[in-house]
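J.: Before I ask anything, let me first share the structure, which is written out below as structure tokens.
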Amino acid sequence: MAKTGTMTQGLRAAIERSGYYPALVAEAVEAAVGGEPIASYLVHQETTFDANEVRRHVTVLVLTGNRFIVSHTDEQNADTSSPTPYATTSTESVKLDRISSVVVSRVVANPESYTPGTLPREVVLTIGWGAVSRIDLEPAACGDPNCDADHGYTGNSTADDLSLRVSEAGDGPDTVRQTLDFAQALSEATAATAR
């Protein structure tokens, strides 16, 4: 993985390999990165099935010395707002000291015989920085099955700004490895800003 330059050849090649509007995606990412050197990156192309339609989506994550940049590009079919298909691309730049959590969930087969260094079957990377929070509420109850009093609500709030799932079967071992490498680089960078 390339680690220097504004728009490294490695990142540009990964965007090209995704095959998903590479000129559009690269331009948006390059504008967001500006002149900062790139410390780490991850490009993830995802295909989803929505009723009778196939939709593609690409997420590009970039880590610089000061910021975490996330870019999403989605395609849309022609609709009432546009007579032709179109794509929407957005970038968000987050200062590293705003990142509140980096969660890496690993799924491994046969954990009783796990060997350190073996790639997980699946990785879910969840990053929170406070832009989006999800609140899950449910009615609170007491232990008395005959109680019909209103006990209010209970629940939790979860920072869930970005969640990215990759699997060896669907994305290949290289993408799983790159996701783990990016997560480690981001964790180390956010720890360094907390000092």
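J.: Which order do the peptides 49-56, 165-172, 38-45 take when ranked by the mean count of other beta-carbon atoms within 10 Å per residue, highest first? Mind showing how you got there, number by number?
T.: On the way: 49-56: 9.4, 165-172: 15.4, 38-45: 22.5.
Descending packing order for the listed peptides: 38-45, 165-172, 49-56.
J.: Ok, one more. Kirkwood Rh and Cα-based Rg: tell me the resulting Rg over Rh for the chain, rounded to two decimals.
T.: Details: Rg = 20.1 Å, Rh = 19.0 Å.
The Rg/Rh ratio comes out at 1.06.
J.: Let me ask you something else. Can you give the net charge of the other residues whose Cβ lies under 11 Å from the Cβ of SER105, counting K and R as +1 and D and E as -1?
T.: Numbers: positive: ARG106, ARG165; negative: GLU122.
Surrounding charge for SER105 is +1.
J.: Given a 1.4 Å probe and every protein chain left where it sits, what share in percent of the accessible area of the chain is carbon and sulfur?
T.: Result for the chain: 48 percent of the exposed heavy-atom area is carbon or sulfur.
J.: Let me ask you something else. Quick one: what do you get for region 1-71 if you divide its Cα Rg by 2.2 N^0.38 Å? Working shown, then result.
T.: Details: Rg = 12.9 Å, N = 71, 2.2 N^0.38 = 11.1 Å.
Expressed relative to 2.2 N^0.38 Å, the Cα Rg reads 1.16.
J.: If you place +1 on the Cβ of every Lys and Arg and -1 on the Cβ of every Asp and Glu, how big does the dipole about the Cα centre of the chain come out, in debye to the nearest 20? Don't skip to the answer; put the middle values down first.
T.: On the way: 14 positive and 26 negative charges, 182 e Å.
My answer is approximately 880 debye.
J.: Using packing as a proxy for protection, rank 140-150, 17-27, 58-68 so that the peptide with the highest average count of other Cβ atoms within 10 Å comes first.
T.: 58-68, 17-27, 140-150
J.: Next up: How would you order 69-76, 89-96 from highest to lowest mean count of nearby Cβ atoms within 10 Å?
T.: Sorting 69-76, 89-96 by mean packing, highest first, produces 69-76, 89-96.
J.: In addition: Could you tell me which of SER82, LEU61, THR118 has its Cα farthest along the dipole of region 15-125 towards the positive end, charges placed at Cβ (Lys, Arg +1; Asp, Glu -1), taken about the Cα centre?
T.: Value: THR118.
The values are calculated or read from the model by the stated rules, or taken from the named source; none is laboratory data. Keep in mind that this is a model prediction, so the values were computed, not measured. Because the Cβ atoms are built from the backbone with ideal geometry, glycine has one as well, and the counts that use them run over all protein chains shown. Note: accessible area is taken over every heavy atom of the protein model, side chains too, but ligands, DNA and RNA are not part of it. Shrake-Rupley method; radii C 1.70, N 1.55, O 1.52, S 1.80 Å.
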